[in-house]
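Trainee: Structure below; questions to follow.
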Amino acid sequence: MKVFNSMNVMWILFRRNPLFWILLVCFLTYVYYGFHFYSTGYNFSPGEALVRMSFAVQGGMLAFLFFGVLLIRLEENNHLHDIFSSIPKGNFSKFIGKLLFFFILVLLICLFVFSIYVFLFLPKGISFLPFYYDAFLYIVLYWGISFFLSMLIGALLASWFKGKIIYPLILFVWALIGPANSYFFGTAASKPVFSDFLAWINLGEPNPYALFNDLYGFELSLYHWMKRLFMLLCISFLFLFTHFLRKRGNIEKRFYMYVAVCIGSIGALIYYFTLDRQIYISNSLLAGTRERVDETYYRALSHENSVPHQVIAITKYDVHMKIKRLVEIDTAITIVNNQKQPLDNISLSLYHGFKVIDVSSSHKKLSFQQKNDLLNIQLPSELPPKQSCQLSISYKGLSSPLFFANSRAVYLPYYFPWLPSSNVEPAFQYTKIGLIRNNHQWGNDAEITLTYDGPTPLYTNIKKVGSKKWHGRSSFGLSVVVGKIAEMNRKNDGTQFVQPMTWEKNMYQYPEFKERTSHIMETISRNFHIPYEGFPKLVVFVPILSINDFAVEEYIWFASDHLIYGTSLQYQATILPQDEANYTYMLVPALTWKYKGIPIKDMEYLHLFDSVYAYVYNQQHGIPDDGSFLPRMNPIKSEKDQIKSSIVQWIKKEGNVEMKNRFCQEWFQLIESGSQDWNELKKLVEQYIVIKEDL
Amino acid sequence: MSVLEIRNVKKRYKNKVVLNNISLNIKGTYGLLGPNGAGKTTLMKIIATLLPLEEGTITFGDISWENDQRVKPLIGYLPQYFSAYKTMKVYEVLHHFAILKGITNKERRISELDAVLENVNLYEQRNEKIKYLSGGMIRRVGIAQALLGNPKIVIVDEPTAGLDIQERVRFRNLLRKISANRTIIISSHIVEDLETTCDYVAMMNKGTILLEGSRQEVLQIVDGLVWEKDVNSRDLEQIPESQIISVKEAGDRYIVRMLSQESIKEAKRVHPTLEDAYLYMMKGDNH
Ligand SMILES: Nc1ncnc2c1ncn2[C@@H]1O[C@H](COP(=O)(O)OP(=O)(O)OP(=O)(O)O)[C@@H](O)[C@H]1O
Ligand SMILES: [Mg+2]
């Protein structure tokens with residue numbers, strides 16, 4: 001009752017203060033227009049609307065820092081503090097009452113902000129409730145809790161410092177803990193240790209300068225909740241300690257209990273923070289930013305690359321996967337020796353973030369060596385040709401930041417070696433055009449069983465057979481995708497179309513998407529004699545690009561049973577790209593050499609093929625294409641440039657489509673035979689261009 | 001009724017001794033007289049448990065100040081500077097205090113609030129906001145809050161400072177009115193305030209008690225030492241400064257009140273007042 005009455009007094013004081021109403025109205029108006037901006041027209045993006053509101057959060061934090069000072073100073077200014085001290089539990093009740101008041105105020109603000117959000121986005125066709133649930137948690141975590149902590153920090157400082165000195169202090173703290181902190185500290189913020197510190201202390205959106213990732217969703221990892229709990233505990237501890245210093249004698253037993261609980265929990269959390277985990281970091285000031293981690297790693301790796309020659313197939317995968325703080329996988333695989341010689345050791349690819357713990361075969365431990373993305377296993381005895389053996393491999397660790405797998409979201413596609421793969425090459429390679437993802441498709445049919453414990457719902461290319469169990473076959477690999485995605489077409493047409501909940505509005509284009517895709521598939525299948533198994537049963541349309549957004553080879557990944565259609569980290573108002581011609585360019589590499597599992601020897605060469613054929617296709621089918629996706633022509637320096645330029649010039653001329661198509665067919669045969677050689681290409685080009693001049 | 005016994009209380013701030021071995025027996029309506037900086041507020045804060053009791057003992061009946069949780073319910077305190085939340089109404093403020101003081105029963109709370117408001121004569125103003133009250137009214141709100149919960153010991157620190165003469169007289173009457181059945185400690189450096197309200201008086205200066213006793217006992221100190229003389233302005237200049245208590249103008253002449261061990265020519269001996277005793281003690285202490 002004392003506490004509630006104290007809270008009520010606080011409410012009377014606030015509601016009779018016009019400044020409070022002015023601030024509140026300004027704040028909510030700003031929030032309304034902020035959300036409004038992202039809920040209309042060209043800027044539409046439900047995710048960005050929240051992530052881009054750092055100014056509102058920053059403003060709210062400042063207000064609450066002042067409220068914190070007010071909490072302490074209110075009685076001091078009114079000379080009431082002494083009276084409350086003379087009343088049994090007087091100050092304590094007041095303090096708790098005021099905390100409760102601010103707690104409820106924060107809660108109400110969260111509800112208001114959330115209501116505005118729902119009010120603006122619900123009528124705009126964003127209908128998935130789990131997304132709103134996350135949005136609410138986001139507002140609680142990055143607005144509400146941040147406001148409340150700011151208030152506590154303000155109160156703590158005000159109880160330490162008397163007089164006006166508090167105001168500059170509060171401004172300093174405000175600059176430090178707000179989401180725009182690295183902005184406030186300018187160049188100093190780029191110093192490595194300091195930038196880590198700023199990222200840690202930031203109570204707002206953790207990636208304030210990054211685009212919203214509609215697949216991953218809001219960053220609501222447990223880590224961020226724990227960080228705030230940690231701050232809350234530290235502040236409580238400091239309050240208790242201050243109380244102790246002020247009171248000296250007369251300390252109750254209970255007090256020591258609180259202190260012990262505080263210190264115990266702080267210790268436990270410090271330990272928790274030292275553990276490995278994957279959180280979503282996209283902040284160019286930070287070393288751990290997801291765009292750079294692998295780039296740095298593979299740039300250093302790019303020189304050494306001698307892979308032993310072996311011909312093996314893995315025909316069975318029995319995978320037990322658990323995704324919590326770490327990814328933990330136990331897998332039993334069946335290996336077949338497909339070469340003429342016996343095998344005594346085998347090499348598999350596995351992303352280096354997964355640390356192999358144990359390899360065994362029929363309960364016998366085998367010796368193994370893990371180096372970068374290569375796992376070398378000594379077989380118990382020589383494996384004769386055509387014979388098979390079973391291996392159990394367990395590993396755990398963190399996936400690549402570009403193929404995240406944590407308790408929020410999972411993106412482990414078939415082309416990434418998150419399962420031991422007989423297609424031996426590093427997960428990425430660093431090339432002239434930057435970091436590119438290598439293709440690890442299996443190349444042979446395999447039976448897969450998956451049991452899975454982690455975030456849900458899970459989308460994969462094999463069939464669900466139990467509550468946490470999937471089973472099926474694939475000759476490409478296993479893809480597992482979890483996140484803020486949902487199935488949009490409810491399989492009406494035999495295809496499961498999965499995309500971020502926030503992109504729902506683009507479904508009107510689904511028939512057109514399907515039609516165009518089928519058409520290109522049919523044409524390519526006929527042209528290059530590639531048999532596909534019909535339209536894929538699963539299409540995953542997700543924002544997976546963030547490193548090489550300009551390489552058309554990185555967009556689409558097609559495995560016979562499913563198609564991963566990647567796009568950039570932006571709201572996608574349409575399924576097909578704005579420029580109609582562009583889609584052909586993305587699909588050609590996916591349906592041709594990537595589908596065939598042809599390894600990249602010369603990216604420039606393959607890219608020339610992709611764009612030349614895509615251009616020819618567009619020309620053939622009357623799709624407007626201004627050629628802007630064709631390789632840019634430098635002043636001719638080398639023979640390579642000359643070949644490129646003569647091909648490009650030739651195909652850009654109108655007419656002769658049949659012949660251009662035939663050229664591409666022959667070129668692809670060359671590629672299929674294993675050639676990525678410019679001289680052979682030159683010979684082919686000379687044939688065609690000479691013939692053409694003859695005509 | 002119990003006596004508030006203070007024994008050998010000491011208080012220092014850093015190296016400055018603010019209270020030096022204070023021992024008092026506080027009962028009835030009790031005045032604490034002393035110039036600025038004497039340590040009155042400090043002593044009262046210690047009694048009100050706002051400052052820790054570091055040296056010495058304080059007891060009231062069987063309650064010791066070592067356990068301040070038992071002491072707090074006994075105390076009603078009006079600090080030297082009092083104000084309340086400006087935008088709240090008198091009734092709201094007092095209601096808040098009543099609840100904090102643990103008067104949880106609603107009927108009891110209402111009747112007690114009404115009684116207290118009547119007592120301090122603020123019933124009419126109970127729905128005024130604090131910011132519209134005069135200084136005297138605010139002080140009365142202060143008294144009202146101190147009385148809530150019917151504390152055994154009421155401590156009022158300089159209750160009349162800054163009040164005009166009428167308000168002051170009213171305030172003294174109020175203090176007298178509430179003094180029944182409780183111990184009231186009033187501090188002041190204005191002697192008249194205590195003269196009419198207090199049964200017991202202590203005088204302190206620079207952290208020590210110069211004198212303690214009932215009003216009569218205190219007056220006895222200067223009994224027979226106070227003289228009044230009717231002089232003109234020329235004669236006034238002849239009188240040594242140290243003897244003068246006060247000078248009153250009467251037409252073109254002056255009535256001078258003096259302290260003296262020996263009899264003074266042409267002066268008549270008069271009844272001493274508390275002020276005489278106070279000045280006498282202060283003079284003695286300062287030399
Ligand atoms: N917090 C403090 N820190 C240091 N010295 C203090 C503190 N509070 C009071 N003092 C000193 O203690 C002495 C006694 O102060 P106190 O306020 O008790 O005097 P007082 O008798 O109430 O005076 P006044 O009539 O002016 O109110 C003064 O010299 C004062 O400077
Ligand atoms: Mg004082």
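Trainee: Filter segment A:59-74 for residues that are open to solvent by 10 Å² or more (accessible area, probe 1.4 Å) and more than 14 Å from every other protein chain (Cβ to nearest Cβ) and give the result.
Mentor: A:GLY59, A:LEU62, A:ALA63, A:PHE66, A:PHE67, A:ILE72 - these are the residues of segment A:59-74 that are open to solvent by 10 Å² or more (accessible area, probe 1.4 Å) and more than 14 Å from every other protein chain (Cβ to nearest Cβ).
Trainee: Another question about this same structure. All but one of (1) surrounded by 16 or more Cβ atoms within 10 Å (Cβ to Cβ); (2) within 14 Å of chain B (Cβ to nearest Cβ) hold for A:MET231, so report the exception by its number.
Mentor: (2)
Trainee: Would it be correct to say that B:VAL169 is open to solvent by 20 Å² or more (accessible area, probe 1.4 Å) and either at pLDDT below 90 or within 14 Å of another protein chain (Cβ to nearest Cβ) (or both)? Before the answer, list the steps.
Mentor: On the way: open to solvent by 20 Å² or more (accessible area, probe 1.4 Å): yes; either at pLDDT below 90 or within 14 Å of another protein chain (Cβ to nearest Cβ) (or both): yes.
Considered against the rule, which asks whether it is open to solvent by 20 Å² or more (accessible area, probe 1.4 Å) and either at pLDDT below 90 or within 14 Å of another protein chain (Cβ to nearest Cβ) (or both), B:VAL169 comes out as yes.
Trainee: I'd like to verify a number: residues in segment B:156-184 that are out of contact with any Gly (no Cβ under 7 Å at 6 or more places or on another chain) and within 16 Å of ligand 1 (Cβ to nearest atom), how many?
Mentor: Number satisfying all stated conditions: 6.
Trainee: Shifting gears a bit: Which number in (1) away from ligand 2 (no atom under 16 Å from the Cβ); (2) assigned by TED's automatic domain parsing to the domain that holds B:ALA38; (3) more than 16 Å from B:LEU24 (Cα to Cα) marks the one condition that B:ASP235 misses?
Mentor: (2)
Trainee: Something else now. Consider B:GLU217 carefully, then state whether it is among the acidic types (Asp, Glu) and either within 16 Å of ligand 1 (Cβ to nearest atom) or open to solvent by less than 40 Å² (accessible area, probe 1.4 Å) (or both).
Mentor: No, not satisfied.
Trainee: Answer yes or no: is there a residue in segment A:64-77 that is in the same structural domain as A:LEU100 (by TED's automatic domain parsing) and over 24 Å from A:ILE165 (Cβ atoms).
Mentor: Scanning segment A:64-77 turns up no residue that is in the same structural domain as A:LEU100 (by TED's automatic domain parsing) and over 24 Å from A:ILE165 (Cβ atoms).
Trainee: State which residue is farthest from the chain's Cα centre (by Cα) when the search covers only segment B:61-120 and only residues that are crowded, with 22+ Cβ neighbours inside 10 Å and either outside the structural domain of B:LEU175 (by TED's automatic domain parsing) or within 16 Å of ligand 2 (Cβ to nearest atom) (or both).
Mentor: This residue is B:PHE82.
Trainee: Test of understanding: among B:PHE60, B:PHE97, which residue is more than 14 Å from chain A (Cβ to nearest Cβ) and modelled with pLDDT of 90 or more?
Mentor: B:PHE60
Trainee: Quickly run through segment B:9-50 and pick out the residues that are among the small types (Gly, Ala, Ser), more than 14 Å from the chain's Cα centre (by Cα) and within 11 Å of ligand 1 (Cβ to nearest atom).
Mentor: If the condition is that a residue be among the small types (Gly, Ala, Ser), more than 14 Å from the chain's Cα centre (by Cα) and within 11 Å of ligand 1 (Cβ to nearest atom), then B:GLY37 is the only one that fits.
Trainee: Here's something else I'd like to know. Right, A:PHE102: within 14 Å of chain B (Cβ to nearest Cβ) and either basic (Lys, Arg) or assigned to a helix (DSSP H, G or I) (or both) or not?
Mentor: no
Trainee: Just wondering, is there one or more residues in segment A:606-627 that are part of a helix (DSSP H, G or I) and more than 38 Å from the chain's Cα centre (by Cα)?
Mentor: no
Trainee: Being farther than 24 Å from A:PHE121 by Cα and without any contact (Cβ under 8 Å) to a residue 40 or more places away in the chain is the filter here; which residues of segment A:131-162 pass it?
Mentor: A:PHE161, A:LYS162
Trainee: If you scan segment A:75-89, which residues turn out to be among the polar types (S, T, N, Q) and at the interface with chain B (Cβ under 7 Å from one of its Cβ atoms)?
Mentor: Step one: of segment A:75-89, the residues among the polar types (S, T, N, Q) are A:77-78, A:85-86.
Of everything in segment A:75-89, those that are among the polar types (S, T, N, Q) and at the interface with chain B (Cβ under 7 Å from one of its Cβ atoms) turn out to be A:ASN78, A:SER85, A:SER86.
Trainee: Do you know which residues across segment B:70-85 are more than 7 Å from chain A (Cβ to nearest Cβ) and free of Cβ contacts under 8 Å to residues at least 40 places away in the same chain?
Mentor: Once the filter is applied, which keeps residues that are more than 7 Å from chain A (Cβ to nearest Cβ) and free of Cβ contacts under 8 Å to residues at least 40 places away in the same chain, segment B:70-85 yields B:ARG70, B:VAL71.
Trainee: Being in the same structural domain as A:VAL113 (by TED's automatic domain parsing) and part of a loop (DSSP other than H, G, I, E, B), is that true of even one residue in segment A:6-17?
Mentor: Just the residues of segment A:6-17 that are in the same structural domain as A:VAL113 (by TED's automatic domain parsing), to begin with: A:6-17.
Next, only the ones that are part of a loop (DSSP other than H, G, I, E, B) stay: A:16-17.
Checked segment A:6-17: at least one residue is in the same structural domain as A:VAL113 (by TED's automatic domain parsing) and part of a loop (DSSP other than H, G, I, E, B).
Trainee: Restricting attention to segment B:17-44, which residues are charged (D, E, K, R) and surrounded by 23 or more Cβ atoms within 10 Å (Cβ to Cβ)?
Mentor: Within segment B:17-44, just B:LYS40 meets the criteria.
Trainee: Tell me which of these A:THR242 doesn't satisfy, since it passes every other one: (1) under 30 Å from A:MET151 (Cα atoms); (2) of a type in the set (Ser, Thr, Tyr); (3) open to solvent by less than 30 Å² (accessible area, probe 1.4 Å); (4) without any contact (Cβ under 8 Å) to a residue 60 or more places away in the chain.
Mentor: That leaves (4) as the condition not met.
Trainee: To continue, here is another question. The conditions are (1) of a type in the set (Gly, Ala, Ser); (2) assigned to a loop (DSSP other than H, G, I, E, B); (3) touching a Leu at 6+ places or on another chain (Cβ under 9 Å); (4) crowded, with 21+ Cβ neighbours inside 10 Å, and A:ALA210 fails exactly one of them. Which is it?
Mentor: (4)
Let's see how each residue does on (1) away from chain B (no Cβ under 14 Å); (2) surrounded by fewer than 16 Cβ atoms within 10 Å (Cβ to Cβ):
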residue	(1), (2)
A:ASN5	no, no
A:ASN8	no, no
A:PHE14	no, no
A:PHE20	no, yes
A:CYS26	yes, yes
A:TYR32	yes, no
A:SER39	yes, no
A:PRO46	yes, no
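Trainee: Only one of (1) of a type outside the set (D, E, K, R); (2) more than 16 Å from ligand 1 (Cβ to nearest atom); (3) assigned to a loop (DSSP other than H, G, I, E, B); (4) out of contact with any Asp or Glu (no Cβ under 8 Å at 6 or more places or on another chain) is not met by B:ILE103, so which one is it?
Mentor: (4)
Trainee: Of all residues in segment A:448-463, which are part of a strand (DSSP E or B) and open to solvent by less than 30 Å² (accessible area, probe 1.4 Å)?
Mentor: A:ILE448, A:THR449, A:LEU450, A:TYR452, A:TYR459, A:THR460
Trainee: Now a separate question. Please go through (1) of a type outside the set (Asp, Glu); (2) more than 14 Å from every other protein chain (Cβ to nearest Cβ); (3) surrounded by fewer than 17 Cβ atoms within 10 Å (Cβ to Cβ) for A:ILE251 and return the number of the only condition it doesn't satisfy.
Mentor: With respect to (1) of a type outside the set (Asp, Glu); (2) more than 14 Å from every other protein chain (Cβ to nearest Cβ); (3) surrounded by fewer than 17 Cβ atoms within 10 Å (Cβ to Cβ), A:ILE251 is out only on (2).
Trainee: Tell me, yes or no, whether segment A:599-607 has at least one residue that is closer than 30 Å to A:HIS562 by Cβ, surrounded by 17 or more Cβ atoms within 10 Å (Cβ to Cβ) and in contact with a Pro (Cβ under 8 Å, 6 or more places away or on another chain).
Mentor: yes
Trainee: If we keep just the residues of segment B:147-159 that are at negative phi and within 16 Å of ligand 2 (Cβ to nearest atom), which is modelled with the lowest pLDDT?
Mentor: At the first step, the residues of segment B:147-159 found to be at negative phi are B:147-148, B:151-157, B:159.
Filter once more, keeping what is within 16 Å of ligand 2 (Cβ to nearest atom): B:155-157, B:159.
Values: B:ILE155: 93, B:VAL156: 92, B:ASP157: 91, B:PRO159: 85.
Only one residue tops the list, namely B:PRO159.
Trainee: Continuing with the same structure: Looking at B:LYS27, B:LYS40, B:LYS14 in this structure, which one is within 26 Å of A:GLU76 (Cα to Cα), away from chain A (no Cβ under 14 Å) and away from ligand 2 (no atom under 13 Å from the Cβ)? Outline the logic, then answer.
Mentor: Working: B:LYS27 fails: within 26 Å of A:GLU76 (Cα to Cα); B:LYS40 fails: away from ligand 2 (no atom under 13 Å from the Cβ).
Going through B:LYS27, B:LYS40, B:LYS14 in turn, just one is within 26 Å of A:GLU76 (Cα to Cα), away from chain A (no Cβ under 14 Å) and away from ligand 2 (no atom under 13 Å from the Cβ): B:LYS14.
Trainee: Is it the case that B:GLY207 is farther than 18 Å from B:PRO35 by Cα, within 16 Å of ligand 2 (Cβ to nearest atom) and in contact (Cβ under 8 Å) with a residue 40 or more places away in the chain? Reasoning before the result, please.
Mentor: Numbers: farther than 18 Å from B:PRO35 by Cα: no; within 16 Å of ligand 2 (Cβ to nearest atom): yes; in contact (Cβ under 8 Å) with a residue 40 or more places away in the chain: yes.
In short, no.
The values are calculated or read from the model by the stated rules, or taken from the named source; none is laboratory data. These numbers come from a predicted model, not from an experiment. Virtual Cβ from ideal backbone geometry, glycine too; neighbours counted across all protein chains shown. These accessible areas exclude ligands, DNA and RNA; they are computed on the full protein's heavy atoms, side chains included. Shrake-Rupley method; radii C 1.70, N 1.55, O 1.52, S 1.80 Å.
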